[in-house]
1. Taking the dipole about the Cα centre of region 2-220, with the C-beta of Lys and Arg at +1 and of Asp and Glu at -1, give me whichever of 77, 63, 188 is farthest to the positive side.
2. Estimate the FRET efficiency between residue 204 and residue 45 by the formula 1/(1 + (r/R0)^6), using the beta-carbon distance for r and 45 Å for R0, to the nearest 0.05.
3. Given +1 on the Cβ of Lys and Arg, -1 on the Cβ of Asp and Glu, and no further charges, what dipole in debye does the chain carry about its Cα centre, rounded to the nearest 20?
4. Contour minus end-to-end for residue 72 and residue 118, with contour as 0.36 nm per residue of separation and end-to-end as the Cα-Cα distance?
5. As a quick test, which of the pairs 114/204; 47/115; 47/111; 159/204 have an alpha carbon distance above 32 angstrom in this structure?
6. Positive end of the dipole of the chain, charges at C-beta (+1 Lys, Arg; -1 Asp, Glu), about the Cα centre: which of 138, 42, 177 has its Cα farthest in that direction?
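Bear in mind these aren't lab numbers, they're just calculated from the coordinates by the rules spelled out. If you're wondering where the values come from, they're calculated on a predicted model, not measured in any experiment. Cβ sites come from the backbone with ideal geometry, for glycine too, and all protein chains shown count toward neighbours.
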Amino acid sequence: MKEGGKVNQFIRYSAFEIALAALCAGLAIFLTIYKVVFAFPILPYLKFELAEIPVIMAFLMAGPFSGLLSSVIYWIVLTMVGEWTPIGPLMKFLAVTPTILGLWAGLVLSKRLKKNSSVFLSMGLGILMAIAARVIVTSLMNFLVLWWLFPHFLSLAAKYLEATIGFQTDSPYAVLLMTLLFTAVFNILHSFFSIIPSYYLVVKAIMKVKPVNLKTWFRRMFSES
């Protein structure tokens, strides 16, 4: 009976993870299609998107499987209906997924370093690792796109840099360096923009309902009693 109960609980929780991932991915797609975005002033083709918040929430509520599945669903659908396909959706996927993995790694590491670490310290370490993972992956991908795959995008970036901050140079290396620098700044800001609202939405709103599945995963990661 006990084994059967564990199996049933696993099936119910797995179904919950999948359903939540699909729901959050659907909300992310809705926010993307209806362009709930804000341009980064220095390089306006970079957009702060509210669409990342539901995906991060899926991770915080139900764990890494749900968060990563939501990110994959979001990427697949965005490839079919989004802009600048397939590069645009792929770039978004390679920004969101390292953010989730970095946040997860930070939470796990904080638990191992200190069994009863505070939520503040756990989230702080998680955010730092999420930023590091996101910036490294997106910087490498942007280098590949700007320098090898679509070098004409570098000319577009040069025009924006000149128009917004007055940066002028004849060196493509300098343009590439400045573009990667400000893209990294954008991704650092976007990490805060995506993670902090997601955390507060989960803690201040959803967690107050206290469904067992949500509470179990959340408390295990944040070492709350």
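1. Projecting each Cα onto the dipole axis, the largest value belongs to 63.
2. Efficiency, rounded to the nearest 0.05: 0.85.
3. 1160 debye
4. Numbers: separation 46, 0.36 × 46 = 16.56 nm, distance 3.07 nm.
In short, 13.5 nm is gained.
5. 47/115; 47/111; 159/204
6. Working it through, the farthest residue towards the positive pole turns out to be 138.
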